[in-house]
Structure formats: structure tokens, C-alpha cells
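Working notes, structure below.
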Amino acid sequence: MILEAKMRDLKLKGKKFINNGETMGIIIRSDKSQIPIAIKCSDMDKFLSRFGDYSNIVLNVEGENINTKIQNVERHVTLHNPIHVEFKEISI
């Protein structure tokens, strides 16, 4: 399954993304560089409920497909929505 993600501006506060219905995330590339991203929260929540918190996923970031594995999911305390997801690039 492929999820659409967009690069996020690090100058913006996390509340702004949450209020806009987005989940923040970070992709750790194989060369250890990091890409900050934002994903539509409803899409991320559907994916996690269907495939689980530590599954493989393909992220489309501005036209580039990146094969990743979910490493960590932080959730809202009361709503249980994903707030921040950490991805690690894998080679297939």
C-alpha cells in the first residue's frame, strides 16, 4: 500500500498539524539523513488499524516512492490517534 506524504516545515508547531488533521512523521534514510513529513491522519489511522504498528509501507514523498518500515508510533493519550510516526528506509 502506498500513502501520500508531504515534506513538512520544521518552523511550524506540532499543534498546527494536529489541528489540520495531519500526523507528523520522520523518515530515516539509509544514509542516516532525515526527512520530516506530514501524512493525512485518517489515512495513517486506517493503515495502522489494518496492518499494525510495525509493518512495511511505501511512502510517496513529492513523487519519490520510499520503501519504509514503521519503527515507532506515538499516539494521543485519550483519543489514541497517531501523532508522530517514525519510519526507517529499507531496501527491497
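The values are calculated or read from the model by the stated rules, or taken from the named source; none is laboratory data. The structure displayed is predicted, hence computed values, not measured ones. Neighbour counts run over all protein chains shown; Cβ positions are idealised from the backbone, glycine included.
So the values come out like this:
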quantity	calculated
Given (1) over 27 Å from Ser91 (Cβ atoms); (2) touching a strand residue (DSSP E or B) at 6+ places or on another chain (Cβ under 7 Å), index of the condition Lys15 fails	(2)
Filter result for Ile90 (of a type outside the set (Gly, Ala, Ser), surrounded by 11 or more Cβ atoms within 10 Å (Cβ to Cβ) and under 13 Å from the mean Cα position of the chain (by Cα))	no
Residues of segment 18-33 satisfying the condition of being assigned to a loop (DSSP other than H, G, I, E, B) and touching a strand residue (DSSP E or B) at 6+ places or on another chain (Cβ under 6 Å)	Arg29, Ser30
Residues of segment 56-92 satisfying the condition of being assigned to a strand (DSSP E or B) and among the β-branched types (Val, Ile, Thr)	Ile57, Val58, Val61, Ile66, Thr68, Ile70, Val73, Ile83, Val85
Any hit, segment 40-61, residues being over 16 Å from Met1 (Cβ atoms) and basic (Lys, Arg)	no
Tabulated pairs, segment 73-92, first farther than 12 Å from Leu59 by Cα, second modelled with pLDDT under 90 and surrounded by 15 or more Cβ atoms within 10 Å (Cβ to Cβ), C-beta under 9 angstrom, 6+ apart or interchain	Arg75/Asn81; His76/Ile18; Asn81/Ile18; Ile83/Phe17; Ile83/Ile18
Subset of segment 21-38 that is touching a helix residue (DSSP H, G or I) at 6+ places or on another chain (Cβ under 9 Å) and free of Cβ contacts under 8 Å to residues at least 60 places away in the same chain - its residue that is farthest from Lys69 (Cα to Cα)	Gly21
Candidate set from segment 74-87 (those that are within 15 Å of Asp45 (Cβ to Cβ) and charged (D, E, K, R)); member that is surrounded by the most Cβ atoms within 10 Å (Cβ to Cβ)	Arg75
Residue match in segment 34-55 (condition: outside any strand (DSSP E or B) and closer than 16 Å to Leu10 by Cβ)	no
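Results for (1) within 13 Å of Phe87 (Cα to Cα); (2) at pLDDT 90 or above; (3) surrounded by fewer than 13 Cβ atoms within 10 Å (Cβ to Cβ); (4) of a type outside the set (D, E, K, R), shown as yes or no for each residue.
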| position | (1), (2), (3), (4) |
| --- | --- |
| Asp9 | no, no, yes, no |
| Ser30 | yes, yes, yes, yes |
| Ile35 | yes, yes, no, yes |
| Cys41 | no, yes, no, yes |
| Phe47 | no, yes, no, yes |
| Val58 | yes, yes, yes, yes |
